[in-house]
Amino acid sequence: MKSKFPAPTPGRSGPRPGQSATLRMVAREAGVSASTVSRIINGTVKVSDGLKRSVEAAIAKFGFRPNAAARGLALGKTSTIGVVAQAIDSPFYGEGLRGIETGLRQRGYAPLIMSGNWRIEDEERCVQELIARGVDGIIVFAGRLSDAKLKGYAKSVPIVVTGRRLRAPRLLSMQIEDAKGSMLAVRHLLDLGHRQIAFITGSENHPDAIERLRGYTQALVEGGIDFNPNLVAVGDWHEEGGVRATLELLDSKSRFTALFCVNDQTAYGACLALYRKGLSVPHDVSVIGFDDLPSSTYRLPPLTSVRQSIGELGERSAQGILELIAGRRPRIAAPDVELMVRESTGRCPGS
């Protein structure tokens, strides 16, 4: 008995329910060989626009997803980028990692993230393990590895490093203008009439903390104010450190009408400590942070902060590493710093 349904045309049927599309299915649909489809996907062959469109249409029809591992093997790469962050639980690094992921995903790459914990030995272990895993490049998000170490690792794999100025083959560095940002913060407070300006720095010997202290000191000197070491307390970049350092400043009896904090998280802790001591921000003490985390807009009061777009820095880092992998010399710099004035700073009482 003859079937009332026409026989299926060879190469024109898609995957059965629950069955994944294969390279051969795409090839049959497009009327070419599987090897030709593979070369078109990998960009290793030049074909006519019409043939390329046919293959792309077949890929879209079946929802075909190339096997990343097989594709990487064919191209001699893994399509993964190693990322050495320092504290992946920090909202600051979280924004940066999101920017890196966004920048890489747009080009078909995936990040492999490890934490250096601001320890040289941990950072070295991370970089060495990432190289051993065959990543195509590495982004070192700040850190304490020496310039010589980074230059050496760049001989094995392209590297982007933030937080310093460094030139070497297959290496791109992007320096945040920490000192400039601190000067913007202190000048803002000086313009508001403040003359007793305290500073909570980060952990000692931290490169960002050193630069931000330098900017704080320079802005005071330019404003005709002598540097007073009694108005500097050491924090730890976290809210707890901000609370502790602010209480130390208050207990020291050193008078201050404004408080500049090394980062926003420290400023959050400082505001809490002032509140517990019955002091109002900004009526009694103006407070300013650094980083301009997204949550700073929603604090009570909203926090004045030096903005360094860490999300944009992450995206630029991703762009830079992909250009290095492609054999190009990136012309990319870190985003500039700017002051975001909100309600946590006001005129000096009595000025």
Quick check, is Arg342 in contact (Cβ under 8 Å) with a residue 12 or more places away in the chain, more than 17 Å from Trp237 (Cβ to Cβ) and either touching a Phe, Trp or Tyr at 6+ places or on another chain (Cβ under 8 Å) or assigned to a helix (DSSP H, G or I) (or both)? no
Assuming Ser173 fulfils every condition listed in (1) of a type outside the set (Phe, Trp, Tyr); (2) surrounded by fewer than 21 Cβ atoms within 10 Å (Cβ to Cβ); (3) under 20 Å from the mean Cα position of the chain (by Cα); (4) closer than 26 Å to Arg244 by Cβ apart from one, which condition is it? (4)
Among (1) over 28 Å from Arg307 (Cα atoms); (2) at pLDDT below 85; (3) not in a helix (DSSP H, G or I), the one test that Ser38 misses: (3)
For the range 123-219, please list each of the strands (runs of 3 or more DSSP E) lying entirely inside it that holds at least 1 residues being over 23 Å from Ile113 (Cα atoms) and in contact (Cβ under 8 Å) with a residue 40 or more places away in the chain. 197-201
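Being of a type in the set (Ser, Thr, Tyr) and closer than 22 Å to Ile120 by Cβ is the filter here, so list the residues in the range 197-247 that pass it.
Thr201, Ser203, listed by residue number.
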Residues (under 22 Å from Thr246 (Cα atoms) and either in contact with a Leu (Cβ under 8 Å, 6 or more places away or on another chain) or at pLDDT 95 or above (or both)) located in the range 293-331: Ser296, Thr297, Tyr298, Arg299, Pro301, Pro302, Leu303, Thr304, Ser305, Val306
Check Glu240 against each of (1) touching a helix residue (DSSP H, G or I) at 6+ places or on another chain (Cβ under 7 Å); (2) at pLDDT below 95 and name the one condition it does not meet. (2)
Return the total of residues in the range 298-339 being aliphatic (A, V, I, L, M) and part of a helix (DSSP H, G or I). 7
Filtered residues of the range 106-141 (kept if surrounded by 23 or more Cβ atoms within 10 Å (Cβ to Cβ), under 20 Å from Ala87 (Cβ atoms) and among the small types (Gly, Ala, Ser)): Gly116
Is it true that some residue in the range 268-290 is among the hydrophobic types (A, V, I, L, M, F, W, C) and modelled with pLDDT under 95? no
Considering only residues that are modelled with pLDDT of 95 or more and either over 23 Å from Cys271 (Cβ atoms) or among the β-branched types (Val, Ile, Thr) (or both), which ones fall in the range 183-222? Val186, Ile197, Ile200, Thr201, Arg214, Thr217, Gln218, Val221, Glu222
For the range 224-249, give me each residue that is of a type in the set (Asp, Glu) and either touching a Ser or Thr at 6+ places or on another chain (Cβ under 7 Å) or not in a loop (DSSP other than H, G, I, E, B) (or both). Asp236, Glu239, Glu240, Glu248
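The values are calculated or read from the model by the stated rules, or taken from the named source; none is laboratory data. Nothing here was measured: the structure is a model prediction, and the numbers come from that model. With ideal geometry, Cβ positions are generated from the backbone for all residues, glycine too; neighbour counts draw on all protein chains shown.
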